[in-house]
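Student: The following block contains the structure, expressed as structure tokens.
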């Protein structure tokens, strides 16, 4: 399943719309990195609202995506992790260490806007 990636100003928004296979996650990683470079994006929001399961591979890949995007000079915010998914992740010891998370898209955009404003000062 291809994840749509939209451009909103200097940000990219990738909205996961259902369960992703390992291959889907790897395609998402490649697509996001390519577009961050091509579009000179300052930030990426990865919306996981539709995900109802997060395994160790998905968690590790999302963390890798955020790390790779940071190395390209952009910020990443993960939004929309469902309460049940968060609970299961904690129970399984899966973390998104050093990855910024927010409740929803609105908070994710606010975070990136604030970070962008601070960078200009």
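Every read-out reported here was derived from the displayed coordinates using simple, explicitly stated rules and does not represent laboratory data. The structure displayed is predicted, hence computed values, not measured ones. Don't worry about glycine lacking a Cβ; one is built from the backbone with ideal geometry, like all the others, and counts go over all protein chains shown.
Student: I'd like the FRET efficiency for residue 110 and residue 22, computed as 1/(1 + (r/R0)^6) with the beta carbon distance as r and R0 of 35 Å, rounded to 0.05.
Tutor: Taking R0 as 35 Å, the efficiency between residue 110 and residue 22 is 0.65.
Student: Express as a percent, rounded to the nearest 5, the fraction of DSSP beta bridges in segment 5-120 (both residues included) that run antiparallel.
Tutor: Just about 25 percent of them are antiparallel.
Student: Let me check the size of segment 1-119 from its C-alpha atoms; what are the radius of gyration and Dmax in Å?
Tutor: Considering segment 1-119 through its Cα atoms, Rg and Dmax are 13.3, 38 Å.
Student: Restricting to DSSP H runs of at least four residues, report the calculated mean residue ellipticity at 222 nm for the chain, -39500 (n - 2.57) per run over all residues, nearest 500 deg cm²/dmol.
Tutor: The helix contribution divided over the chain gives -16000 deg cm²/dmol.
Student: What list do you get for 84, 107 if you sort them by fewest beta carbons within 10 Å?
Tutor: Going from sparsest to densest Cβ surroundings: 84, 107.
Student: Oh, and also: Enter the Cα centre distance for the pair segment 1-71 and segment 106-121, rounded to the nearest angstrom.
Tutor: When both Cα centres are located, 19 Å separates them.
Student: If you don't mind, there's one more thing I want to ask. Where in segment 40-66 does the label zone of residue 87 land, with the point 7 angstrom along Cα→C-beta and an amide N cut-off under 18 Å?
Tutor: Only 49-55 pass the distance filter.
Student: How far is it, in nm, from the label point at residue 7 to the one at residue 97 when both lie 7 Å from their Cα along the line to the Cβ?
Tutor: 3.6
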